[in-house]
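J.: Got a structure for you, questions after.
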Amino acid sequence: MIQKKMLLLLVCLLAVGCSASKRGANTQYLAQKTIDDTHPRATLILGSTDLVNNVLITNVRVAQVGQLQKAGIDVQNLTDNRYNLEYKVVWRDKQGFPINVSNVWHRFVLSPRKIKSFQSVGKTIDAYSIQFTVRFPDDLYIESDKREKELNKMVPCPPPMPPICPKYMRDRVIP
C-alpha cells in the first residue's frame with residue numbers, strides 16, 4: 001500500500017516537473033497566469049519580475065491578410081498604478097528563426113485597469129509566429145545623462161584648485 005502511494009506521488013511529481021519546464025524562464029509567469037500561452041503561434045514575454053501579477057498579456061489573435069500574417073495582442077494593467085512600458089515584436093518563420101529583426105522598442109503608457117491592444121504585420125511571407133515582449137523602459141541615454149550631470153555638479157574643491165569645481169575634478173591631484 002505504501003509502495004503504491006509512493007509510486008503515485010513520484011509519477012505526479014514527474015508529470016508536474018515535465019509540464020512546468022516546457023517554457024523555461026516564463027514558467028513563473030505562466031504559473032501565476034500573467035501570460036496567456038494558449039496560442040501555439042505566439043510567445044509572450046514579461047521582461048521584468050515587477051510586472052508579474054500587475055500586467056496581463058492575453059487575447060492573442062493571428063490571421064492571414066493576403067499573403068502576410070497579422071497578429072493582435074492585448075496588454076492589461078491589473079493594478080491602480082500607471083505604467084510607462086515598452087514593447088518589442090519579433091516575427092519568426094516556421095522553424096522559429098527571427099525574420100528582419102530590429103532592436104527597436106516602442107514606448108507606451110498603460111493606465112490603471114486599462115487594456116491596450118497592439119497589432120503587427122509580418123513583413124515577409126515567411127513570417128509565421130510572433131514573439132511579443134513587454135518590459136519597463138531601459139534607456140541607457142537617460143542613465144548616462146544622469147551620471148554625467150552628477151559628475152559635473154559644482155562642489156567645493158580643495159586648494160590649489162578653484163573654490164568651486166565639477167565634482168569629478170575634486171579628487172584630482174594637481175601637481
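The values are calculated or read from the model by the stated rules, or taken from the named source; none is laboratory data. Keep in mind that what you see is a predicted model, and the values were worked out from it rather than measured. Cβ placement follows ideal geometry from the backbone for every residue including glycine, while neighbour counts extend to all protein chains displayed.
J.: Can you name every one of the strands (runs of 3 or more DSSP E) wholly within segment 48-140 that holds 1 or more residues which are on the phi > 0 side of the Ramachandran plot?
T.: Strands (runs of 3 or more DSSP E) meeting the threshold: 55-65.
J.: What single numbered condition from (1) at pLDDT 90 or above; (2) of a type in the set (Gly, Ala, Ser); (3) surrounded by fewer than 11 Cβ atoms within 10 Å (Cβ to Cβ) fails to hold for Ala127?
T.: It fails just one condition, (3).
Conditions (1) of a type in the set (Val, Ile, Thr); (2) within 18 Å of Thr133 (Cβ to Cβ); (3) at pLDDT below 95; (4) in contact with a helix residue (DSSP H, G or I) (Cβ under 7 Å, 6 or more places away or on another chain), marked per residue:
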{"position": "Met6", "(1), (2), (3), (4)": "no, no, yes, no"}
{"position": "Leu10", "(1), (2), (3), (4)": "no, no, yes, no"}
{"position": "Leu30", "(1), (2), (3), (4)": "no, yes, yes, yes"}
{"position": "Thr34", "(1), (2), (3), (4)": "yes, yes, yes, no"}
{"position": "Asp50", "(1), (2), (3), (4)": "no, yes, yes, no"}
{"position": "Asp74", "(1), (2), (3), (4)": "no, yes, no, no"}
{"position": "Asn84", "(1), (2), (3), (4)": "no, yes, yes, no"}
{"position": "Asn100", "(1), (2), (3), (4)": "no, yes, yes, no"}
{"position": "Val104", "(1), (2), (3), (4)": "yes, yes, yes, no"}
